[in-house]
Ligand code: ATP
């Protein structure tokens, strides 16, 4: 079991700073995600861990062993690429054997290991097929089996599900978690798909512009974002600018253009008159048709007109105009129509107050 420590890592390509002072530790056996928009540096960081790039500054440690200057073959971090990179002329069995043969393992040991990993990824019945006789999902499993076969210190997955269609991609999420957790290897997984990260990861590092925006469990990132970038990237959210007009025991009263809200901050202390941003998630609002009996707007309770409606299947997304602000809400049926008037209310616990 191997922990991976990244110590003040920077990487420049000419004038481009791809990574700036990355410093954190991935625990042994952890299923750890690097998540962020295109160009934020995820693949560069994965390639540094694999030994495919050298850092411009900083150190990489596997347990306490400094591997910064070691080549890929000396650090036993195995990368599984988006394209699977299977040998087309070899059977599934021979593809999985490849890394074991390179390491000169005796044949009976190779056969035992191949059987074990094909069982783990549920591909035993396909051992004699060639890659072009397999579906995309099956090829993905073989690529995983080949990477796991060599007992890696660290398994590196670069967008492993991106070539699969939406349904298979969804099914493979839990499967990939099962396989990685059963095998027990430290796994570092790159994606820009927030739902994939939230549903599979033990912990996630959200990256932006070559830096870490926040590291945490899926629950931490969703419920306790530390900045508006993370709040919006990890599930989309409504961000409203506002000013603190009251503080009481960790609860803040904020004046926003949409109306007054009460909310809490994750780890910031704000003084009265501070300019802040509040995050209110579309799915954390209770929505109802506005009636005379329902009363008027008040703190954490807005009224607004439906501007747009999108049917999502099990729910619908509505964009409301609330005092000139566009507010997204996600509501279970009934479907509301343009330009109906709705009332939305939300719990102060679900309003996160962030630094401007
Ligand atoms: P994507 O999700 O699109 O793959 P990413 O988050 O993996 O993006 P990287 O591929 O790590 O991002 O790139 C980070 C930055 O470094 C980008 O600005 C990119 O253009 C730059 N970069 C990456 N590799 C090189 C290279 N070999 N030479 C020059 N610039 C590079």
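Nothing in this text is a laboratory measurement; each read-out follows from the coordinates by a stated rule. Please read these numbers as outputs of a predicted model, since none were measured by experiment. Using ideal geometry, Cβ is built from the backbone for each residue, glycine included, and neighbour counts are taken over all protein chains shown.
A few points about this structure:
- Length-normalised contact order for the chain - Cα pairs under 8 Å, 6+ apart - percent: 16 percent
- A simple spin-label model places pseudo-atoms 7 Å from Cα toward Cβ; at residue 56 and residue 314 they are separated by 4.5 nm.
- Contact order relative to length of segment 112-227, as percent, for alpha carbon pairs under 8 angstrom and 6 or more apart: 19 percent
- On the beta carbon distance between residue 243 and residue 296, with R0 = 25 Å, the FRET formula returns roughly 0.65.
- Beta bridges by DSSP in the chain, antiparallel share as percent, to the nearest 5: 75 percent
- Fraction of C-alpha pairs exceeding 40 angstrom in the chain: 28 percent, rounded to a whole number.
- Distant alpha-carbon pairs in segment 47-101 (separation over 18 angstrom), percent: 46 percent
- Annotation for residue 305 and residue 66: the two label points, set 7 Å from Cα along the Cα-Cβ direction, are 6.7 nm apart.
- Segment residue 211-residue 268, length gained on full extension (0.36 nm per residue, minus Cα span): 18.5 nm
- Semi-axis lengths, Å, segment 80-190, gyration tensor of Cα atoms, sqrt of 5 times eigenvalues: 21, 16, 12
- Helix axis angle, 166-183 relative to the chain longest principal axis, alpha carbon, degrees: 60 degrees
- Eigenvalues of the alpha-carbon gyration tensor of segment 236-288, scaled by 5 and square-rooted, set the equivalent ellipsoid semi-axes at 19, 12, 11 angstrom, largest first.
- FRET efficiency for the residue 28 to residue 289 pair, using the beta carbon distance and R₀ = 35 Å, is estimated at 0.05.
- The chain, helix-only ellipticity at 222 nm - DSSP H runs n ≥ 4, -39,500 (n - 2.57), divided by all residues, nearest 500: -7500 deg cm²/dmol
- Protection proxy ranking for 216-222, 189-195, using the average of other Cβ atoms within 10 Å per residue and placing the highest first: 189-195, 216-222.
- Hydrodynamic radius (Kirkwood) for segment 152-198, which is based on Cα pairs only, to one decimal in Å: 11.2 Å
- Shown for 120, 320, 327, 52: other C-beta atoms within 10 Å of each C-beta, ranked fewest to most, produce the order 52, 120, 327, 320.
- Kirkwood-based Rg to Rh ratio, segment 143-221, C-alpha trace: 0.96
- Cβ crowding within 10 Å averaged over residues, with 61-68, 205-212 ranked highest first: 205-212, 61-68
- Residue ranges 152-160, 178-186, 261-269 sort as 152-160, 178-186, 261-269 when ordered by packing (mean number of other C-beta atoms within 10 Å per residue, highest first).
- Segment 121-173 and segment 25-81: distance between their alpha carbon centers, rounded to Å: 21 Å
- Length gained on full extension, residue 356 to residue 165, computed as 0.36 nm times the residue gap minus the Cα-Cα distance: 64.9 nm.
- As a rough footprinting exposure proxy, the listed residues 291, 343, 44 were ranked by other beta carbons within 10 Å of their own, and the order from fewest upward is 291, 343, 44.
- Globularity ratio of segment 1-97, using Cα Rg and 2.2 N^0.38 Å: 1.20
- Counting only Cα atoms, the size of segment 191-262 along its three principal axes is 39, 23, 21 Å, in decreasing order.
- Sequence of 270, 33, 13 once ranked by neighbouring C-beta atoms within 10 Å, starting from the fewest: 13, 270, 33
- Legend: translational diffusion of segment 140-277 by Stokes-Einstein, Rh = Kirkwood radius over C-alpha pairs, 25 °C, 0.890 mPa s; D = 140 µm²/s.
- Kirkwood-based shape ratio for segment 216-356, expressed as Rg/Rh from alpha carbons: 0.97
- With the simple model of a label 7 Å out from the Cα in the direction of the Cβ, residue 87 to residue 223 spans 5.0 nm.
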